[in-house]
Structures are given as structure tokens and as C-alpha cells.
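**Student:** Got a structure for you, questions after.
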């Protein structure tokens, strides 16, 4: 397979002159330097089968990779979208919290007056409660709307004494409102 290529003979020293070769379109290959070997291997031997030391690597690299299933890709995409939305919502909530700095309103009962409540009487109870509530909004940038649909119930043990609702109003920022309510018994 391998043959040793010897360097060409030296030109004759006698009076012989060599005939110049005609110029061709393809240049000749340069002669190798002395002491070099040229090995020629057919191309089919190079590309046909990997050498045994690389057979394991060839088998590993030539394995066909499995594709992900469509449902798995869809689940990954959906999960990524949900996580991105949750992250965006958390960032928005943090920005709103630090910009507005919300505080809880403070409530205190100023006075309570009860009419028509007699524990010694055998008649059914029908008391009336007059309650004055002080509401303080300590927020600098947030107003509070008290909308309809609220309910207030007063119990004594398991007995419902009266029902009522808070009035509808708006409480602006840094404001104190005093609200008077009258709750009537059942």
C-alpha cells in the first residue's frame, strides 16, 4: 500500500541537454523534499468505514435524535407563557405598591345608642341602634369608594338583633369622615 518515493536523479553532468517540455495548462506537482514519504489511499477506503477506534463515536453521532412530541412542546410553551405572565403581574404589583404605598383605613366607633331594648320584657325584641363611626383614610394617593351592597348585622349570642347597611360615599385621600347609621331590629 505504501511505497517509498525516492527523489529524482540528478541532472546529467555530460553535455546532454534535455529537451524542454511543452507548457501545459496544468502545472506539475512539485517534487517532495528529500526524506518525505507520500502515502496514497483510495477515497473509498477513507469514507467507507470508520476505523475501529472511532467506531463507538461514529455510532453515537449517527444515532437519530428523537423529536419532542407536539403535546410536550405545547405544554412547555404554555408553561413558559404562564410563568412570564405571572412574573409580569408580580412586577406590576410591586411597582404599584411602591408608587402608591397603600395603607389600610382606620375605623373607630365614636358612639353607640340603643333604643327599645328591654331584657325583662316578654315581648319580642325590636331594638334600634344608632352608631357613629369615624373612618380615616391615611393614603396620600388612593381614595376609597364605599359602594352599595354592604351589610351590618348585630348579634347577641345566637340572636340576631338588627340588620342594616352602610351609606354609599367616596372618601378622598388623607380624609376623616364621620358616618352616622341607624340599624333597626327585625
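**Student:** Could I have the simple spin-label model distance between residue 146 and residue 63, label points 7 Å from Cα toward Cβ, reported in nm to one decimal?
**Tutor:** Result for the modelled spin labels: 7.2 nm.
**Student:** What relative contact order, as a whole-number percentage, does region 106-185 give when Cα pairs under 8 Å and 6 or more residues apart are counted?
**Tutor:** 35 percent
**Student:** What span do the alpha-carbon atoms of region 106-185 cover on each of the three principal axes, reported in whole Å from largest to smallest?
**Tutor:** 53, 23, 18
Each reported figure results from applying straightforward, stated rules to the coordinates on display, with no laboratory input. Source: prediction; values computed, not measured. Every residue, glycine as well, gets a Cβ built from its backbone with ideal geometry; the counts of neighbours run over all protein chains shown.
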